[in-house]
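Only one structure is covered here, and it is reproduced in the block below.
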Amino acid sequence: MARPPFIKSLRLIDFRSYAKLDVLFDGRPVVLYGKNGAGKTNLLEAISLLSPGRGMRRAKLIDLSRKITQPNDPTSPLKHWGITARLGTDNLEDDDIKLSTGQSPEAPTRRKLRIDGTPANSRDMAELLTINWLSPAQDKLFTGPASDRRKFLDRLCLAHFADHGRISLAYERARMERGRLLNDGPQDRVWYEALEKDLANHGAHIARARVNTVNALEHELADSLSPAFPTSSLTL
């Protein structure tokens, strides 16, 4: 079985508290430690932005930029931030992939993505690297509303189905459009039936991806059972 890609190097430019940071990795587990405010969470947030979405903090793009002077000074000018990672599966550099994201002076309100220097989209990014996280801010994941758990499961689905994010967005767009038609009165029956068909097709794909992901997790749990720990079971 081929080894999954891992981040071999990471560079941050004007991101949060970092003016510039270069880090090397070798594929082994990493533990970050340091005093409060040292930048540990900022580094993890930067890595989370190498996946589709708004990252683990869901921050606005402007909030990710490093201020030139004091962070509490609202008049301080902002830098345009950038994140670059080199992905690979071994020590050879021939097959490494360069993944980058960040702001640009031309469009500071939009996040730009590039793969090996070529403009890319979120789907391209999801096919290269899947990133999941469970942070203290998610402590209420299993006691809060079911929608939070569905969002978390959908992110896990991206590890197995690169199209899951695109299909989920298409489902939400069709659902909102159907709601608008119902409020206004479904005068265009053909359009209404087309939306119903899209909802059924997208919904079936989403349900199948969720079931398959939960089954895969259940199999992993079964294969790693230890008499020292209680058994667990996942259902959907």
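So the values come out like this:
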item	result
Near pairs, Cβ below 9 angstrom, 6+ apart or cross-chain, from the range 19-33 (within 27 Å of K79 (Cβ to Cβ)) to any residue that is modelled with pLDDT under 90	A19/R66; A19/K79; F25/F6
Condition check for G27: part of a loop (DSSP other than H, G, I, E, B), over 18 Å from the mean Cα position of the chain (by Cα) and farther than 24 Å from A162 by Cβ	no
Among residues of the range 113-131, those that are modelled with pLDDT of 85 or more, surrounded by fewer than 16 Cβ atoms within 10 Å (Cβ to Cβ) and not hydroxyl-bearing (S, T, Y), counted	4
Residue that is farthest from L49 (Cα to Cα), among those in the range 127-178 that are outside any helix (DSSP H, G or I) and β-branched (V, I, T)	T143
Pairs with Cβ under 6 Å, 6+ apart, first in the range 207-236 and farther than 13 Å from L153 by Cβ, second hydrophobic (A, V, I, L, M, F, W, C) and in a helix (DSSP H, G or I)	S232/L221
Subset tally (residues that are closer than 13 Å to S51 by Cβ and touching a residue at least 40 places away in the same chain (Cβ under 8 Å)) for the range 82-126	10
In the range 183-197, the residues that are exposed (fewer than 10 other Cβ atoms within 10 Å of the Cβ) and assigned to a helix (DSSP H, G or I)	N183, D184, R189, V190
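The values are calculated or read from the model by the stated rules, or taken from the named source; none is laboratory data. Since the model is a prediction, treat every value here as computed from it, not as a measurement. As a convention, Cβ positions derive from the backbone with ideal geometry for all residues, glycine included, and neighbour counts pool all protein chains shown.
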